[in-house]
Amino acid sequence: MSLDSTRLRDQHRLFRRRKPPAGAPPGATVTPRDLPAPRLAVIAYDREQLVEVQGQRLRDVLTAMQTAQVAWLDVQGLGDEAVIREIATHFDLHPLVVADILNLGQRPKVELYDDLLYHVVRMVMVTPDSDVHWEQFSVVVKNNVVLTFQETYGDCLDPVRQRIRQARPMIRGSGPDYLAVMAVDAIVDSYFPVVETYGEVLERLEDDLVRSPTPAVLRRVYRTKRELLKLRRATWPLRDALNHLLRDAPPMIEAKTLPYVRDVTDHVMQVVDIVETYRELAGSFVDVYLSSLAQRTNEVMRALTVLASIFIPLTFLAGVYGMNFHSMPELSWEWGYPTFWVICAVTTIALLVLFRRWGWIGARSGIPYPDADDA
């Protein structure tokens with residue numbers, strides 16, 4: 001996976017929270033000026049009717065929210081703090097909730113404030129360029145209203161919107177708590193394609209490490225480990241938050257909705273198990289890299305040893321017949337020169353056959369060192 005500026009920015013947010021200066025009072029915010037201006041979309045529905053409107057300000061969509069049993073206000077883009085403050089004032093959101101919405105980089109959590117439930121998750125999407133985009137997704141459940149806040153435009157919640165438009169009886173006949181759980185479930189389901197992508201990346205890395213263990217492959221291993229750590233930081237706190245929601249069910253979560261919360265929790269646990277397995281596998285790739293380098297070094301040394309072993313007797317013969325003693329009978333022999341080359345060729349062939357029998361060369365897996373009988 002390639003890293004572009006968007007992913008670098010998201011990685012920065014995961015490890016360093018956007019927060020006000022040290023010593024600021026609780027509820028202080030930092031306006032995320034690099035994000036787009038808010039777009040508001042409302043889906044208001046009950047069993048019989050459905051109303052959808054869009055706008056830039058709360059007044060553009062407020063009337064539609066008062067016409068149905070459940071109203072979903074989706075805010076995409078947090079670049080204008082005034083719009084967020086207007087929504088917070090109208091729905092009487094706690095100042096700490098507003099601060100968590102605007103101060104990006106919050107860990108996944110569930111918090112209860114009197115008459116509202118606040119939930120933070122990390123939303124992930126795979127772009128057409130196979131890049132992974134992370135952002136904070138905030139959910140507020142209060143009375144018959146569900147408020148969702150996203151950093152940028154676009155999300156993975158279209159399946160939820162389609163079920164509402166298709167008048168599915170379960171979602172159209174349930175309250176805002178069910179809608180909030182379905183939104184979180186859609187986000188958790190979007191983790192699985194990302195996990196599958198990392199699985200394919202790890203398979204390619206394993207093949208590259210065995211075939212060609214280069215420093216570039218090792219850098220890809222470390223980069224993948226960092227990205228898996230990012231996914232782990234998004235799923236582990238979410239698992240704890242959902243378990244807390246099941247253990248201490250707030251009053252705005254109906255009893256019939258709790259089984260679906262357990263189902264979402266089970267999906268998160270599956271992702272956590274897979275991510276932990278992949279992290280351990282990626283960690284073992286460093287050992288595979290070192291082992292592959294050692295194996296390649298051993299193969300090179302074995303090849304050099306075989307070559308040296310072949311040339312040692314040849315060098316001995318050449319050294320002997322390179323001496324210029326007059327008493328050497330072979331010096332004046334007519335067939336001495338070709339006989340020398342025949343002896344060298346026979347010696348080389350005999351050594352090659354012997355090395356192959358021992359398994360030092362060739363595809364045969366033999367005994368690494370000669371036995372007493374072979375000697």
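The values are calculated or read from the model by the stated rules, or taken from the named source; none is laboratory data. Bear in mind the structure is a predicted one, so any value in this text is a computation, not a measurement. Quick reminder, even Gly has a Cβ in these numbers, built from the backbone with ideal geometry, and neighbours come from all protein chains shown. Accessible surface is based on the protein model in full, side chains and every heavy atom, while ligands, DNA and RNA are left aside. Shrake-Rupley method; radii C 1.70, N 1.55, O 1.52, S 1.80 Å.
Provide a single number: the residues in region 199-221 that are β-branched (Val, Ile, Thr) and surrounded by fewer than 18 Cβ atoms within 10 Å (Cβ to Cβ).
The total comes to 2.
Mind listing whichever residues of region 253-276 are outside any helix (DSSP H, G or I) and surrounded by 18 or more Cβ atoms within 10 Å (Cβ to Cβ)? Hit for region 253-276 is 253, nothing else. Do we find that residue 299 is modelled with pLDDT under 80, surrounded by fewer than 13 Cβ atoms within 10 Å (Cβ to Cβ) and in contact with a Phe, Trp or Tyr (Cβ under 8 Å, 6 or more places away or on another chain) in this structure? No, not satisfied. Pairing residues of region 313-330 that are without any contact (Cβ under 8 Å) to a residue 60 or more places away in the chain and assigned to a helix (DSSP H, G or I) with residues that are of a type in the set (Val, Ile, Thr) and open to solvent by less than 90 Å² (accessible area, probe 1.4 Å), at Cβ distances under 9 Å and at least 6 apart in sequence or on separate chains, gives 313/347; 313/348; 314/347; 314/348; 317/343; 317/347; 330/339.
Looking at residue 52, is it touching a Phe, Trp or Tyr at 6+ places or on another chain (Cβ under 8 Å), among the charged types (D, E, K, R) and surrounded by 15 or more Cβ atoms within 10 Å (Cβ to Cβ)? Spelling it out, it is not the case that residue 52 is touching a Phe, Trp or Tyr at 6+ places or on another chain (Cβ under 8 Å), among the charged types (D, E, K, R) and surrounded by 15 or more Cβ atoms within 10 Å (Cβ to Cβ). Close Cβ contacts (under 9 Å, 6 or more residues apart or on different chains) running from residues in region 35-46 that are among the basic types (Lys, Arg) to residues that are assigned to a strand (DSSP E or B) comprise 39/54; 39/55; 39/74; 39/75; 39/76. Restricting attention to region 163-198, the residues that are within 14 Å of the chain's Cα centre (by Cα), open to solvent by less than 10 Å² (accessible area, probe 1.4 Å) and either farther than 26 Å from residue 270 by Cβ or not hydrophobic (A, V, I, L, M, F, W, C) (or both) total 2.
Listed here are the residues, each with its yes/no results for (1) in a loop (DSSP other than H, G, I, E, B); (2) over 18 Å from residue 175 (Cβ atoms).
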site	(1), (2)
68	yes, no
71	no, no
75	no, yes
88	no, yes
101	no, yes
123	no, yes
147	no, no
152	yes, yes
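Contact map, region 336-362: residues that are closer than 21 Å to residue 318 by Cβ and assigned to a helix (DSSP H, G or I) paired with residues that are acidic (Asp, Glu) and open to solvent by less than 90 Å² (accessible area, probe 1.4 Å), Cβ distance under 7 Å, separation 6+ or inter-chain. Pairs shown: 336/330. Against the list (1) touching a Lys or Arg at 6+ places or on another chain (Cβ under 7 Å); (2) touching a residue at least 24 places away in the same chain (Cβ under 8 Å), the condition residue 246 fails is (2).
Can you pull out the residues in region 338-352 that are within 13 Å of residue 309 (Cβ to Cβ), hydrophobic (A, V, I, L, M, F, W, C) and surrounded by fewer than 15 Cβ atoms within 10 Å (Cβ to Cβ)? Of everything in region 338-352, just one residue is within 13 Å of residue 309 (Cβ to Cβ), hydrophobic (A, V, I, L, M, F, W, C) and surrounded by fewer than 15 Cβ atoms within 10 Å (Cβ to Cβ), namely 350. If only residues of region 302-331 that are small (Gly, Ala, Ser) and exposed (fewer than 11 other Cβ atoms within 10 Å of the Cβ) are counted, the one that is nearest to residue 354 (Cα to Cα) is 308. Screening residue 114 with (1) closer than 25 Å to residue 81 by Cβ; (2) open to solvent by less than 10 Å² (accessible area, probe 1.4 Å) gives one miss only, at (2).
Pairing each residue of region 99-115 that is closer than 21 Å to residue 230 by Cα with any residue that is crowded, with 16+ Cβ neighbours inside 10 Å and small (Gly, Ala, Ser), provided the two are 6+ apart or on different chains, yields C-beta distances under 6 Å for 101/138; 108/241; 109/241; 110/241.
For region 284-333, the candidate set comprises residues that are under 30 Å from residue 216 (Cα atoms) and of a type in the set (Ser, Thr, Tyr); within that set, the residue that is farthest from the chain's Cα centre (by Cα) is 305.
Residues in region 58-101 that are among the charged types (D, E, K, R) and open to solvent by less than 70 Å² (accessible area, probe 1.4 Å): 74, 80, 81, 86, 100.
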